[in-house]
Amino acid sequence: MVFFGGLLGLLGLVTLLVRDGDVAGIPAVGFGVGLLLVGAAVAGLGLWRKAAVRRRRRERGEPEPVGDIFERARALPRLIRAARRGDYPGLPTSRMALWGFAVLYLVSPIDVLPELLPIIGIADDAGVAAWLFTSVSTAAGLYLRHERDQQRPIRP
């Protein structure tokens, strides 16, 4: 939501700076300011939601993912090997199957929404890619947490 709000705000800013004529019967200034306001509201709502989810996870005692993007990328092969051997129960085989289907969908020429439709045709691929990257990154971060917890000595 934060990204989408930022995108709406950017579109509003570009509309204010570039557009001279009306947009769908609305003056360009009004349309641009409206997009900026809606974008700010959506981004703010996304930040609030993200903080609420993080707070709920902490209250439940759920582990937080650790590591930056490079550490998570290096941990991904170890995660997949450990999950396939059964050494890491935190990644069900159903999630790995979903990852495989997502990769197949992204490389497949068959789409739910064909690319011939402007903007909308790319949206389904972008949504699947965003889900895939987020899911893989979170799982790798949780696996890094698991590895670090296993290495840490238990104190009485």
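Values computed for the structure shown
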item: Only listed residue being over 22 Å from residue 7 (Cβ atoms), under 17 Å from the mean Cα position of the chain (by Cα) and either in a helix (DSSP H, G or I) or not aliphatic (A, V, I, L, M) (or both), chosen from 67, 100; result: 67
item: Qualifying positions in segment 10-23 - outside any helix (DSSP H, G or I) and open to solvent by 100 Å² or more (accessible area, probe 1.4 Å); result: 19, 20
item: Checking residue 48 against (1) of a type outside the set (Val, Ile, Thr); (2) at pLDDT 90 or above; (3) open to solvent by less than 60 Å² (accessible area, probe 1.4 Å); (4) out of contact with any Lys or Arg (no Cβ under 6 Å at 6 or more places or on another chain), the condition it does not meet; result: (3)
item: Test result for residue 103, hydrophobic (A, V, I, L, M, F, W, C) and closer than 17 Å to residue 148 by Cβ; result: no
item: Segment 128-151 residues that are in contact (Cβ under 8 Å) with a residue 24 or more places away in the chain and on the phi < 0 side of the Ramachandran plot, paired with ones that are surrounded by fewer than 17 Cβ atoms within 10 Å (Cβ to Cβ) and among the hydroxyl-bearing types (Ser, Thr, Tyr) (beta carbon under 7 Å, 6 or more apart); result: 128/105
item: Tally, over segment 81-91, of residues that are out of contact with any Ser or Thr (no Cβ under 8 Å at 6 or more places or on another chain), part of a helix (DSSP H, G or I) and either touching a residue at least 24 places away in the same chain (Cβ under 8 Å) or surrounded by 11 or more Cβ atoms within 10 Å (Cβ to Cβ) (or both); result: 3
item: Any hit, segment 24-37, residues being surrounded by 12 or more Cβ atoms within 10 Å (Cβ to Cβ) and touching a strand residue (DSSP E or B) at 6+ places or on another chain (Cβ under 6 Å); result: yes
item: Filter pass, residue 144 being surrounded by 10 or more Cβ atoms within 10 Å (Cβ to Cβ), modelled with pLDDT of 90 or more and more than 21 Å from residue 2 (Cβ to Cβ); result: yes
item: Top-ranked residue in segment 104-119 [being part of a loop (DSSP other than H, G, I, E, B) and β-branched (Val, Ile, Thr); ranked as modelled with the lowest pLDDT]; result: 119
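Matching residues to (1) under 27 Å from residue 137 (Cα atoms); (2) open to solvent by 80 Å² or more (accessible area, probe 1.4 Å); (3) at pLDDT below 85:
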| position | (1), (2), (3) |
| --- | --- |
| 8 | yes, no, yes |
| 61 | yes, no, yes |
| 74 | yes, yes, no |
| 79 | yes, no, no |
| 93 | yes, yes, no |
| 102 | yes, no, no |
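The values are calculated or read from the model by the stated rules, or taken from the named source; none is laboratory data. This is a predicted model, so every value here is computed, not measured. Reconstructed Cβ throughout: ideal geometry from the backbone, glycine too, with neighbour counts over all protein chains shown. Accessible surface is based on the protein model in full, side chains and every heavy atom, while ligands, DNA and RNA are left aside. Shrake-Rupley method; radii C 1.70, N 1.55, O 1.52, S 1.80 Å.
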